[in-house]
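See below for the structure under consideration.
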Amino acid sequence: MRQEAGPDTGLSARLSGSMRAVVITGPGAASVEQVDAPVPGPGQVVVDVARAGICGTDAELFAGTLAYFGQGKSRFPLRPGHEWCGVVSATGPGAGGAWLGARVTGDTMLGCGRCARCRAGRGHVCADRREIGIMGWPGALAEKVLVPVSSLRRLPPAVDDRAGALVEPGGNAWRAAAAAGAAPGRRVLVWGAGTIGLLTAAFARAAGAEVHVLALDGDRRELAEAFGATRYWTVGDPPRDPYDAVVDCTDDRRVPAAALGLAEPAGRLVYIGVAPAPSLIDSRDLVLNDVTAVGILGASAGLEPAIEHYADGRITPGDLVGATVGLDRAAEVLAGRLGPGAGTKVHIDPSA
């Protein structure tokens, strides 16, 4: 039986029984294995996972192409899964018994809590951070996940499990829309019609902006319109007029420069997509047009706003989930052999 990696679970974990979890053992190799079930230490809780989403980052982990591998931050074997929700089933010393039985989701980015960045509320860029399911901490493509109580966010009854497991991407998207300055009277172009792109469009529209979406083809036109887009463009028929803000939600290295060409002078560029190779822009265009460029890493500051938008019905993200399958089919999803159908997201239900 594989030993639980990451936080120190010690002998108590080995005595606690086992659970099923997806383990990526190397590039292109993943399977469901029996691993030691986690036991919460001080300030930690165990969550029984109800839903977990698989995203592009998980696919890069599976392929071994994520930049973190080259930087020595991620290594095999690893346990993926950072978009999740569930119910707290055990609490450790100091975690607070009130969490027991609570429906929750949680922050992916776990800062050290001691450095200047963490003390300033920027733990998502802590140099010593761990990232659940990505870097140094076992993830939620499993029956249970161990998390610090400080990372938890409660889910109200109005946020079902599908939406609960979309809080993490929603937090990223809310940050992107906020960085774009989405507001009444502003025109925002979202480049990319994946989960982050469509949620960014929804948050920008909820803030009152006019939102257009630019995608590879017309396949997601209806879905984009349902998430707030009033105009849908394709790369074969792109927009020509500039926008107050352009948000790059793609993994295409050519898009950052093209997005700059569509930004209104004194406008804003938001980069949340990450390409597998370096992207080049002409900084003269950035300077001479007085354009503000912003990078987005992580959902931390956007988790509460995402939950609030989901709970009050301003955004209903569930239609993004095109398929829900059990753990045994997670490797197919990671390898791209099982897709989301008419949606953008495949969810894993560990109890299925």
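The values are calculated or read from the model by the stated rules, or taken from the named source; none is laboratory data. What you see is a predicted model; the values in this text were computed from it and never measured. Every residue, glycine among them, receives a Cβ derived from its backbone with ideal geometry; neighbour counts consider all protein chains shown.
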- Note on the structure: Counted residues in the stretch 103-133 being surrounded by fewer than 16 Cβ atoms within 10 Å (Cβ to Cβ) and outside any loop (DSSP other than H, G, I, E, B) come to 3
- Item | Filter pass, residue 292 being among the hydroxyl-bearing types (Ser, Thr, Tyr) and under 18 Å from residue 245 (Cβ atoms) | yes
- Message: Tell me yes or no: at least one residue of the stretch 314-326 is exposed (fewer than 14 other Cβ atoms within 10 Å of the Cβ), within 25 Å of residue 30 (Cα to Cα), touching a residue at least 24 places away in the same chain (Cβ under 8 Å) and outside the structural domain of residue 227 (by TED's automatic domain parsing).
- Response: yes
- Task: Give the residue, chosen from 293, 331, 275, that is under 25 Å from residue 214 (Cα atoms), of a type in the set (Gly, Ala, Ser) and at pLDDT 95 or above.
- Result: 293
- Task: For the stretch 247-291, enumerate the residues that are of a type in the set (Val, Ile, Thr) and either surrounded by fewer than 22 Cβ atoms within 10 Å (Cβ to Cβ) or touching a residue at least 60 places away in the same chain (Cβ under 8 Å) (or both).
- Result: 247, 255, 270, 272, 274, 281, 287, 291
- Please enumerate the residues belonging to the stretch 267-324 that are polar (S, T, N, Q), outside any loop (DSSP other than H, G, I, E, B) and over 19 Å from residue 161 (Cβ atoms). 283, 292, 300
- Sort through 199, 214 and tell me the only one that's in contact with a Gly (Cβ under 6 Å, 6 or more places away or on another chain) and either without any contact (Cβ under 8 Å) to a residue 60 or more places away in the chain or under 19 Å from residue 271 (Cβ atoms) (or both). 199
- Item | Condition broken by residue 170, with the remaining ones in (1) out of contact with any strand residue (DSSP E or B) (no Cβ under 9 Å at 6 or more places or on another chain); (2) assigned to a loop (DSSP other than H, G, I, E, B); (3) in contact (Cβ under 8 Å) with a residue 60 or more places away in the chain satisfied | (2)
- Item | Members of the stretch 178-218 that are among the hydrophobic types (A, V, I, L, M, F, W, C) and either in a strand (DSSP E or B) or not assigned by TED's automatic domain parsing to the domain that holds residue 268 (or both) | 188, 189, 190, 191, 211, 213, 214, 215
- Note on the structure: For the stretch 138-165, pairs from a residue that is assigned to a loop (DSSP other than H, G, I, E, B) to a residue that is modelled with pLDDT under 95 and aliphatic (A, V, I, L, M), with Cβ under 8 Å and 6 or more apart or across chains, are 138/5
- Item | Filter result (under 18 Å from residue 177 (Cβ atoms) and in a strand (DSSP E or B)) within the stretch 228-247 | 231, 232, 243, 244, 245, 246, 247
- Given the structure, is residue 140 touching a Lys or Arg at 6+ places or on another chain (Cβ under 9 Å) and in the same structural domain as residue 40 (by TED's automatic domain parsing)? yes
- Query: Applying the selection to the stretch 17-37, what residues are outside any strand (DSSP E or B) and surrounded by fewer than 17 Cβ atoms within 10 Å (Cβ to Cβ)?
  - Reply: 17, 27, 28
